[in-house]
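Colleague: I have a structure I would like to understand better, so I am pasting it below and will then ask my questions one at a time.
The values are calculated or read from the model by the stated rules, or taken from the named source; none is laboratory data. Given the structure is predicted, the values throughout are model-derived calculations rather than measurements. Virtual Cβ from ideal backbone geometry, glycine too; neighbours counted across all protein chains shown. Heads up: the accessible areas ignore ligands, DNA and RNA and are worked out on the full protein's heavy atoms, side chains in. Shrake-Rupley method; radii C 1.70, N 1.55, O 1.52, S 1.80 Å.
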Amino acid sequence: DMKVTQMPRYLIKRMGENVLLECGQDMSHETMYWYRQDPGLGLQLIYISYDVDSNSEGDIPKGYRVSRKKREHFSLILDSAKTNQTSVYFCASSRQDTEVFFGKGTRLTVV
Amino acid sequence: GDSVTQTEGPVTVSESESLIINCTYSATSIAYPNLFWYVRYPGEGLQLLLKVITAGQKGSSRGFEATYNKETTSFHLQKASVQESDSAVYYCALGGTGGYKVVFGSGTRLLVSP
């Protein structure tokens with residue numbers, strides 16, 4: 001079953017706390033992504049990973065970092081969360097230029 | 001840079017009426033872009049609806065179709081007769097070969113009324 005799994009689905013954190021969003025995929029895809037979606041802005045790419053320990057900044061990397069130690073896992077970390085990081089975060093994976101598979105999203109609220 | 005512009009939503013259509021969601025793209029760094037339509041149903045992640053990788057070709061799925069028009073740099077999504085179950089958010093996207101990142105439009109929310 002081809003799947004991208006995100007955990008948790010919903011998360012509420014206080015400003016200044018650390019946040020860890022986890023993502024897994026079972027398709028052995030080389031490329032994985034983290035996006036955030038805000039109303040009216042569509043999907044904004046935070047980071048892209050081309051394979052283990054091969055990560056590149058996307059369009060809005062500030063305030064985020066990522067970790068990819070295994071091909072099937074890609075984590076997004078917010079060190080000291082800010083209220084403007086309240087958003088829906090999507091993880092995705094793909095093989096080269098083929099179809100991108102998305103997780104169901106994590107709704108993060110920073111209060 | 002590369003970008004995608006699509007119809008701003010929400011778009012409200014009555015069941016059995018026709019639909020068009022406009023999408024235009026700019027691919028300054030991709031010589032031969034691939035074009036996609038993704039759909040996100042409530043509570044779900046985005047899923048691929050259709051894709052076209054060759055200019056001039058048409059893609060179709062679930063009654064939706066889109067034609068890759070290189071001259072007008074457009075990839076409009078159309079359906080002749082929508083159903084209430086088509087209510088979702090639709091994203092136009094472009095990508096390239098070699099692991100190039102996919103660029104998404106801002107999404108168009110479609111509401112189909114019974």
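Colleague: Counting only other chains, what is the mean number of Cβ atoms within 10 angstrom of the Cβ of each residue in peptide A:99-106?
Modeller: Numbers: counts 8, 11, 4, 7, 3, 5, 5, 0.
For peptide A:99-106, the averaged partner shielding equals 5.
Colleague: Hey, what do the phi angles of region B:71-78 turn into as Karplus ³J(HN,Hα) couplings, whole Hz, using 6.51/-1.76/1.60 and θ = phi - 60°, x for Gly and Pro?
Modeller: 5, 9, 6, 10, 8, 6, 9, 9
Colleague: Taking both sides together, what accessible area is buried at the B/A interface, probe 1.4 Å, expressed in Å² and rounded to the nearest 100? Write out the running numbers ahead of the final one.
Modeller: Working: alone 6100 and 6330 Å², together 10810 Å².
Buried surface at the B/A interface: approximately 1600 Å².
Colleague: Still on this structure, I have one more. Using modelled amide H (1.01 Å from N, peptide plane; none on Pro or chain starts), what sits under 5 Å from the amide H of A:Gly58, excluding residues fewer than 5 places away?
Modeller: For A:Gly58, whose amide H was placed from the backbone, the distant partners under 5 Å are A:Tyr47, A:Ile48.
Colleague: Select from B:Ala27, B:Ala80, B:Ala66 the residue whose mean-square fluctuation is largest in a Gaussian network model of chain B (Cα-Cα springs shorter than 10 Å).
Modeller: In the Gaussian network model the winner is B:Ala80.
Colleague: Give the long-range amide H neighbours of B:His76: residues separated by 5 or more places, or on another chain, with amide H under 5 Å away, using H modelled in the peptide plane at 1.01 Å from N.
Modeller: So B:His76 has HN proximity to B:Cys23, B:Thr67.
Colleague: Which whole-Hz ³J(HN,Hα) couplings does region A:53-68 yield from phi under the Karplus relation 6.51 cos²θ - 1.76 cosθ + 1.60, θ = phi - 60°, glycine and proline marked x?
Modeller: Karplus-based 3J(HN,Hα) across region A:53-68 equals 6, 10, 10, 9, 5, x, 8, 9, x, 4, x, 10, 9, 10, 9, 9 Hz.
Colleague: Ignoring ligands and nucleic acids, what accessible area does B:Lys79 show with a 1.4 Å probe (Å², nearest 10)?
Modeller: The accessible area comes out at roughly 20 Å².
Colleague: Find the Rg to Rh ratio for region B:12-114, where Rh is the Kirkwood radius over alpha-carbon pairs and Rg uses the same atoms.
Modeller: Values: Rg = 13.6 Å, Rh = 14.0 Å.
Radius of gyration over Kirkwood radius for region B:12-114 works out to 0.97.
Colleague: Please give, to one decimal in nm, the separation of the simple spin-label points placed at A:Arg71 and B:Tyr41, each 7 Å out from Cα toward the Cβ.
Modeller: 3.1
Colleague: In terms of solvent-accessible area of protein heavy atoms at a 1.4 angstrom probe, what is the ranking of B:Thr54, B:Thr12, highest value first? List each step's numbers first, then the result.
Modeller: Details: B:Thr54 70, B:Thr12 95 Å².
Greatest to least solvent exposure: B:Thr12, B:Thr54.
Colleague: Quantify how strongly other chains surround peptide A:30-41 by giving the mean number of their Cβ atoms within 10 Å of each of its Cβ atoms. All intermediate terms of the calculation are to be shown ahead of the outcome.
Modeller: Details: counts 1, 4, 0, 2, 0, 3, 0, 7, 1, 3, 4, 2.
Counting Cβ atoms of other protein chains within 10 Å of each residue's Cβ and averaging gives 2.
Colleague: Shifting gears a bit: Keeping all protein chains in the complex and leaving out DNA, RNA and ligands, what accessible area do you get for A:Glu30 with a 1.4 Å probe, in Å² to the nearest 10?
Modeller: It works out to around 50 Å².
Colleague: May I ask for the distance between the Cα centers of region B:5-46 and region A:26-77, given as a whole number of Å?
Modeller: 23
Colleague: Could you calculate the contour length gain from A:Tyr10 to A:Asp38, that is, 0.36 nm times the residue separation minus the distance between their Cα atoms, to one decimal place in nm?
Modeller: Length gained, A:Tyr10 through A:Asp38: 8.5 nm.
Colleague: Let me ask you something else. Tally up the carbon and sulfur contribution to the accessible surface of chain B as a whole percent, 1.4 Å probe, everything protein left in place. Walk me through the numbers before you get to the answer.
Modeller: On the way: 2480 of 5280 Å².
Whole-percent figure for carbon plus sulfur exposure: 47.
Colleague: Using a 1.4 Å probe on the protein heavy atoms only, what accessible surface does A:Phe101 show? Give it in Å² to the nearest 10.
Modeller: Answer for A:Phe101: close to 40 Å² accessible.
Colleague: Another one. Please list, ordered by chain and number, the residues whose modelled amide H lies under 5 Å from the amide H of B:Val102; skip anything fewer than 5 residues away on the same chain.
Modeller: So B:Val102 has HN proximity to no qualifying residue.
Colleague: If you don't mind, another one. Hey, what do the phi angles of region A:17-24 turn into as Karplus ³J(HN,Hα) couplings, whole Hz, using 6.51/-1.76/1.60 and θ = phi - 60°, x for Gly and Pro?
Modeller: Working through the residues one at a time gives 7, 8, 10, 10, 10, 10, 9, x Hz.
Colleague: Same structure, new question: Could you state the accessible area per residue of chain A in Å², with a 1.4 Å probe and every protein chain left in place?
Modeller: Working: 5530 Å² over 111 residues.
Accessible area per residue: 50 Å².
Colleague: Roll a 1.4 angstrom probe over the protein heavy atoms and tell me the percent of accessible area of chain A that is carbon or sulfur. Let's see the in-between values first.
Modeller: On the way: 2730 of 5530 Å².
About 49 percent, which is the carbon plus sulfur part of the accessible surface.
Colleague: Please report the equivalent ellipsoid semi-axes of chain A, computed as sqrt(5 x eigenvalue) of the Cα gyration tensor, largest first, in whole Å. Spell out each step's value before the answer.
Modeller: On the way: eigenvalues 97, 38, 35 Å².
Value: 22, 14, 13 Å, ordered largest first.
Colleague: Continuing with this model, one more query. About its Cα centre, how strong a charge dipole does the protein assembly as shown have in debye, to the nearest 20, once Lys and Arg get +1 and Asp and Glu get -1 at the Cβ? Working shown, then result.
Modeller: On the way: 23 positive and 23 negative charges, 100 e Å.
So the dipole magnitude of the protein assembly as shown works out to roughly 480 debye.
Colleague: Give the span of the protein assembly as shown's Cα atoms along each principal axis, as three whole-Å numbers ordered largest to smallest.
Modeller: Principal extents (Cα only, largest first): 49, 40, 34 Å.
Colleague: Right, here's the next one. Please work out the Cα convex hull volume for region A:8-64 and give it in Å³ per residue.
Modeller: Numbers: hull volume 6.9 nm³, N = 57.
So the per-residue hull volume is 121 Å³.
Colleague: Sticking with this structure for a sec: Work through the residues other than A:Gly24 whose Cβ is under 13 Å from its Cβ and net out their charges, Lys, Arg +1 and Asp, Glu -1. Don't jump to the answer; show the numbers that get you there.
Modeller: On the way: positive: A:Lys3, A:Arg68, A:Lys69, A:Lys70, A:Arg71, A:Lys104; negative: A:Asp1, A:Glu22, A:Asp26, A:Glu72.
Within the 13 Å Cβ shell, the charges total +2.
Colleague: Next question. Probe radius 1.4 Å, ligands and nucleic acids left out: which of B:Tyr25, B:Tyr41 has the largest accessible area, and how do the rest follow?
Modeller: Greatest to least solvent exposure: B:Tyr41, B:Tyr25.
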